[in-house]
Amino acid sequence: MDDLFAPSDVSWTPVSPKLAAVRRVTSAIFCGLVAVAGLFAFGLMLSWLYAGLWVLLVAAGFAWSWSLIGRNQRSWKYAEREDELLVSHGIMFRQLVVVPYGRMQFVDVAAGPLERSYGIATVELHTATPATDAKIPGLHPDEASRLRDRLSALGQAQAWGL
Amino acid sequence: MTEPNAPSGAPPHAPDPDAPAPPPYGATPEPAPLVEREGDRLHPLTPFVKGWGYFVVAAFAMANNEGLRSNLKIAGIALAGVLVGGMLLGALSWWFTKWQLTDDAVRVDSGFLFRRTRIIRFDRIQAIDVAQPFVARLFNMAELRMDVAGGSRSDGKLSYFTSEEAAKLRGILLVRAKGKEAAEEAAQPEQEPPPLLVVPTGRLLGATLLSSTVLGSLAGLIWLIVATTVLEFHVGLFAGLPLLLGVVQPIWKQVVGNHRFTLVESRDGLRTKRGLFDLQRQTVPPGRVQGLLITEPLIWRRLGWSRVDLDIAGVVGGVSGDGEEDQNGVQLLPVGERTEVAGVLARVLPGFDLSRIEMHRAPSRVKWLRPVGWRYLAYGADDQVLVTQRGWVSRKTSVVLHHKTQSVRVQQGPIQRRLRLANVHIDTPQGPTDAIALHRDLADAADLLEAQTTRAREARRTTSAPLPVQTQPNAPSPEGSSSSAASPAEDNPAT
């Protein structure tokens with residue numbers, strides 16, 4: 001019953017693998033900082049043996065995050081149905097959101113500096129409730145703006161007040 | 001409250017928003033023409049009524065601060081300084097705050113260093129209430145609260161007017177916000193209808209004492225006292241403070257805040273009136289109800305009592321008094337007996353009968369996740385609403401209207417995955433309603449997701465919106481991050 005989070009009656013679009021690359025870079029920066037900080041903290045206060053162990057530990061954590069990020073990236077997908085947008089993601093904690101276009105209040109397209117340098121963007125759909133979590137990261141900028149325009153148009157056409 | 005001798009057919013006069021307002025230097029806003037002028041000031045006592053808190057804080061600080069008390073003279077000067085400064089600031093802010101009604105919006109200009117113009121479009125106003133905080137009531141003053149969808153509470157506050165003016169202005173705004181038909185309807189004077197029900201103070205007190213929070217805190221407090229006095233087991237009396245607060249605060253809030261809770265049916269919908277010191281009035285416009293929540297704590301269930309809260313578009317925390325922000329939406333009934341609750345529900349949602357909805361229980365393997373509570377997890381739906389139930393200590397029944405469903409989500413955590421379970425969330429705008437069908441079998445969850453999506457879609461297509469304001473489409477903005485399409489109040493830095 002893997003169907004629940006990815007009903008097969010719609011065509012799913014995966015997100016760009018560059019999302020994994022961006023997240024791995026972020027993870028590498030974070031792990032690097034943690035490793036260096038721990039290295040000196042342990043090395044200067046206890047012994048360099050512990051410091052070495054710490055670095056190994058962080059390296060192992062990084063390797064784990066490497067594979068986790070890959071799996072997570074592959075889990076992100078979205079589908080445009082006639083009346084709703086479907087977004088599905090997650091490995092451990094899985095989620096599928098179904099948002100009617102007519103419920104949309106506005107669309108955000110955002111891209112941080114790292115995302116921009118890799119050429120991806122995030123599209124987020126907002127409804128009247130903050131609980132709606134319809135965010136699609138890792139989109140090619142062209143696809144992001146296409147999606148934004150399409151969502152806006154559909155949202156306008158099917159708009160329904162509160 | 002609504003006797004709007006509103007000149008509804010008043011000639012629409014076109015005020016030029018950029019023209020400098022001719023300052024109407026008359027001290028009090030003259031009662032005569034309440035309609036379109038180039039900006040009126042608020043009541044001149046406003047800074048005092050708003051700022052009395054400073055005085056209390058200053059006095060409190062002095063009473064509590066050893067250093068200040070031993071040095072009375074300096075303290076006095078400091079206090080006077082704070083007071084004068086506060087009054088001066090308040091007076092400045094009052095002087096530079098002007099409001100006016102334009103053709104299609106309320107316009108409020110404020111600020112003397114940073115000028116700010118706020119425009120609240122009539123068609124974005126979801127509800128208009130008149131509130132009287134305690135001090136304001138002493139001076140027969142009132143503030144106007146305009147609820148706008150998506151805006152925070154303070155966005156639409158205009159304080160203070162004299163009570164008569166506030167009521168009159170509310171009438172005018174209601175007419176503007178609701179269109180011509182409502183205007184003609186409202187032109188006929190309305191007699192105060194008899195109250196549908198008044199919650200007796202005794203029941204209010206009893207219900208609060210028997211609510212789960214108070215009982216829990218009380219039990220904790222008693223245990224703490226026994227532990228410290230009899231067993232000489234000094235857990236630290238500091239733990240008692242939050243517990244004591246847990247006992248006193250709800251009682252205070254209920255008994256004072258909901259004193260003489262009265263429900264009245266008026267032309268604009270159900271209206272509530274409550275409060276001992278702060279008289280609060282709220283209107284529930286029909287068709288603006290997004291969902292509702294029925295809460296039944298453990299002991300209340302034996303007595304057949306329950307509480308009803310509503311989600312209203314635009315009202316996030318309209319319940320509590322000044323400044324205090326809580327997410328209670330609109331309280332429809334603080335505590336009511338079964339027949340009363342049924343009667344009230346029938347008025348809010350005609351044709352809704354909870355007992356007729358077939359509830360589907362969660363599968364028994366949920367007991368691994370919720371040893372006791374699994375028996376109380378259920379959901380059900382009919383052609384109008386979806387109902388979810390959960391909770392053992394405090395049973396919460398959420399009701400969501402199909403045509404108000406915002407989005408539907410399925411979620412699953414690692415343990416749920418092992419047990420082949422998933423949660424289905426039915427999202428409604430912010431408010432007390434929290435409809436989650438917890439721990440459903442996977443097939444069941446898939447069915448519910450599909451069925452609810454379909455029901456919401458059908459309901460959106462078939463339900464006609466009863467009010468002109470409601471059908472106002474929230475046009476999405478094509479520019480991504482300039483997410484302003486939905487925000488009703490626009491801040492334009494005035495030149």
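The values are calculated or read from the model by the stated rules, or taken from the named source; none is laboratory data. Only a predicted model underlies this, so the values are computations on that prediction, with no experimental measurement involved. FYI the Cβ positions are ideal-geometry reconstructions off the backbone, even for glycines, and counts take in every protein chain you see.
Taken over the stretch A:100-143, the residue count meeting the criterion of being under 30 Å from B:Q290 (Cβ atoms) and either among the hydroxyl-bearing types (S, T, Y) or in a loop (DSSP other than H, G, I, E, B) (or both) is 11.
Residues in the stretch A:81-111 that are hydrophobic (A, V, I, L, M, F, W, C) and within 13 Å of B:R460 (Cβ to Cβ) were compared, and the one that is modelled with the highest pLDDT is A:V99. Restricted to the stretch B:116-138, and to residues there that are at pLDDT 75 or above and not in a strand (DSSP E or B), the residue that is farthest from the other protein chains (Cβ to nearest Cβ) is B:L138. Mind checking which residues of the stretch B:74-94 are β-branched (V, I, T) and surrounded by 15 or more Cβ atoms within 10 Å (Cβ to Cβ)? Selection gives B:V82 alone. Residues of the stretch A:103-126 that are within 10 Å of chain B (Cβ to nearest Cβ) and buried (at least 23 other Cβ atoms within 10 Å of the Cβ): A:R103, A:M104, A:Q105, A:F106, A:V107, A:A121, A:V123, A:L125.
Check the stretch B:344-354 and report whether any residue there is under 14 Å from B:D311 (Cα atoms), within 14 Å of another protein chain (Cβ to nearest Cβ) and modelled with pLDDT under 90. No, every residue in the stretch B:344-354 fails to be under 14 Å from B:D311 (Cα atoms), within 14 Å of another protein chain (Cβ to nearest Cβ) and modelled with pLDDT under 90. Count, please, the residues in the stretch B:400-417 that happen to be closer than 23 Å to B:L292 by Cβ, basic (K, R) and more than 7 Å from chain A (Cβ to nearest Cβ). The total comes to 1. Here the strands (runs of 3 or more DSSP E) wholly within the stretch B:344-430 that include at least 3 residues being crowded, with 17+ Cβ neighbours inside 10 Å and either at negative phi or not assigned by TED's automatic domain parsing to the domain that holds B:D441 (or both) are B:378-381, B:385-390, B:394-401, B:407-412, B:421-427. Would the stretch B:143-160 turn up any residue that is modelled with pLDDT of 80 or more, under 27 Å from B:D278 (Cβ atoms) and more than 18 Å from the chain's Cα centre (by Cα)? Taking every residue of the stretch B:143-160 in turn, at least one turns out to be modelled with pLDDT of 80 or more, under 27 Å from B:D278 (Cβ atoms) and more than 18 Å from the chain's Cα centre (by Cα). Hey, among A:D133, A:D142, which residue is modelled with pLDDT under 85, acidic (D, E) and more than 11 Å from A:V107 (Cβ to Cβ)? From the options A:D133, A:D142, the qualifying one is A:D133. Within the stretch B:424-449, residues that are more than 7 Å from chain A (Cβ to nearest Cβ) and farther than 15 Å from A:D133 by Cβ reach partners that are surrounded by fewer than 24 Cβ atoms within 10 Å (Cβ to Cβ) and among the hydroxyl-bearing types (S, T, Y) with beta carbons closer than 9 Å, at six or more positions or on different chains, in the pairs B:G431/A:T129; B:P432/B:T295.
Among the conditions (1) within 22 Å of B:G246 (Cβ to Cβ); (2) at pLDDT below 80, the only one that B:R203 does not satisfy is (2).
In this structure, A:A157 does not qualify as surrounded by fewer than 19 Cβ atoms within 10 Å (Cβ to Cβ), among the hydrophobic types (A, V, I, L, M, F, W, C) and facing chain B (nearest Cβ under 7 Å). Screening A:S75 with (1) surrounded by fewer than 16 Cβ atoms within 10 Å (Cβ to Cβ); (2) touching a His at 6+ places or on another chain (Cβ under 7 Å); (3) not aliphatic (A, V, I, L, M) gives one miss only, at (1). When A:L151, A:L139 are screened for being within 14 Å of the chain's Cα centre (by Cα) and within 14 Å of chain B (Cβ to nearest Cβ), only A:L139 passes.
Identify the residue in the stretch A:78-102 that is of a type in the set (F, W, Y) and more than 7 Å from every other protein chain (Cβ to nearest Cβ) and, among all such residues, is surrounded by the most Cβ atoms within 10 Å (Cβ to Cβ). By that ranking, first place goes to A:Y101.
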